[in-house]
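Scroll down for the structure; my scribbles are underneath it.
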Amino acid sequence: RHIIYISHNRTPTAQPTPPLHPPKMSKSSKPIEYALTCVAILLSAFWFFALPPLIRPHWEGLWSGYSPLAKQVILNQINVVYFVIFSLGMLPIYRGNYPFFEQYKISDKPWAWKSDKQKERDAFWKLSKKSLRLYAVNAFLLVPALTAGKFFLLGDNMSFSASDEEWPSYWELLRDNWIMTLVHEFGFYWTHRLAHLPQFYKYHKVHHEYKQNTILASQHEHPIDYIITIATPALMAVAVAAPHSFTLFHWVFWLLIANYDDHCGYSFPWSPVRWFPLAGLTDQHEFHHSKNMGCFASKLGIYDMIFKSDTVYNKWKAKREGMKVE
């Protein structure tokens, strides 16, 4: 999904709901899994500690010569670069059917483009083309329009400071990243639940045309659903934190990677956005798409836990693992 300060009621042939399984881990592979979790932690550490000093010498000059509105539009369009890079990285994994990666695939069902049924293959390509059309509308028309609308209605009160003199300390980065994450997740959780009400689900069901997620599912949203579930929580987060422009860039990087990870169809143990205790799990969101119930959170699991909307998922997972949840 894109972020901004601030996914047709008729659908292609529906994908059949695929069986899910939590990724399994053999005893012999546990040391490797632990090592990959350490890789995830190191990637997170690089994002937090190394990225700021690497970018700082270039940041102020990068934005010189642009108007305040142009800066905000450009920053919001960086999501296009992230999406292209992440998609190109996933392409060989989807095509290769490599055992190392396939052990982390969440759904038991083969990918639709590999189905021996022509109808399923045709439905997948039709849905993929629709995703690209929706992405083009949302990324290149809706996002700039919402950015401009926010700017002219609210002014430049969410200061877009690129000044090196106001460069955030590590404490300010930590504080503002967590503030924006907690506010955004709270907003997303409740707007997502709202989107499942009958009067709004006619828009949100477009996103649920994907029963088996691929990276394209992350961009598959009706524009009205985009405004409700994507733009509104992001606007809330930025309004509360009023971050430095680099802090916003820093947070957006994490937010978008987490969203792509949510929808890629795999639960990778090296994911830098899933290793810590409060993180939402990729298979939770896959469960939500497959069953269309519960698990309304995305990047953090805290609100699903607080509001008990992960109960069905927990019982399903326990059953799959041969346990019982009281």
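The values are calculated or read from the model by the stated rules, or taken from the named source; none is laboratory data. Everything numeric here is computed off the predicted structure, so don't read it as measured data. Note that we place each Cβ from the backbone using ideal geometry, even for glycine, and neighbour counts take in every protein chain shown. Ligands, DNA and RNA are excluded from the accessible area calculation, which covers all protein heavy atoms including side chains. Shrake-Rupley method; radii C 1.70, N 1.55, O 1.52, S 1.80 Å.
Simple spin-label estimate for residue 77 and residue 122 gives 3.8 nm between the two label positions (7 Å along the Cα-to-Cβ direction from each Cα). For the pair residue 32 and residue 56, a Förster radius of 30 Å applied to the C-beta separation gives a FRET efficiency near 0.25, rounded to the nearest 0.05. Put 236, 180 in order of accessible area, highest first, and with a 1.4 Å probe you get 236, 180. Extension gain, residue 164 to residue 84: 0.36 nm times the residue separation minus the Cα-Cα distance gives 25.9 nm.
Across the chain, Cα-Cα pairs farther apart than 32 Å form 29% of the total. For the pairs 126/211; 130/211; 150/202; 211/315; 129/317, flag any whose C-alpha to C-alpha distance is greater than 22 Å. Listed pairs above 22 Å: 150/202; 129/317. Only protein heavy atoms count here; under a 1.4 Å probe, residue 140 has an accessible surface of about 110 Å². Here the simple spin-label model places points 7 Å from the Cα toward Cβ, and for residue 46 and residue 145 these points are separated by 3.9 nm. Each principal axis of the Cα atoms in the range 132-219 has its own extent, and those three values, largest first, are 47, 27, 26 angstrom. Rolling a 1.4 Å probe across all protein chains gives residue 270 an accessible area of roughly 50 Å².
Normalised Debye scattering of the range 104-255 at q = 0.10 Å⁻¹ gives log10 I(q)/I(0) of -0.47, counting only Cα atoms as equal scatterers and leaving out solvent.
Hull volume per residue, based on the alpha-carbon atoms of the range 230-306 and their convex hull, is 106 Å³. Of 306, 74, 106, the residue with the largest accessible area leads and the full order is 306, 74, 106 (1.4 Å probe). The alpha carbon centroids of the range 93-171 and the range 189-224 are separated by 13 Å. Of the solvent-accessible surface of the range 193-287, computed with a 1.4 Å probe and all protein chains present, 71% belongs to carbon and sulfur. Averaged per residue, the chain has 47 square angstrom of accessible surface, using a 1.4 angstrom probe with ligands and nucleic acids left out.
Helical content of the chain, expressed as a calculated mean residue ellipticity at 222 nm, amounts to -18000 deg cm²/dmol (DSSP H runs of 4 or more residues, -39,500 (n - 2.57) each, divided by residue number, nearest 500).
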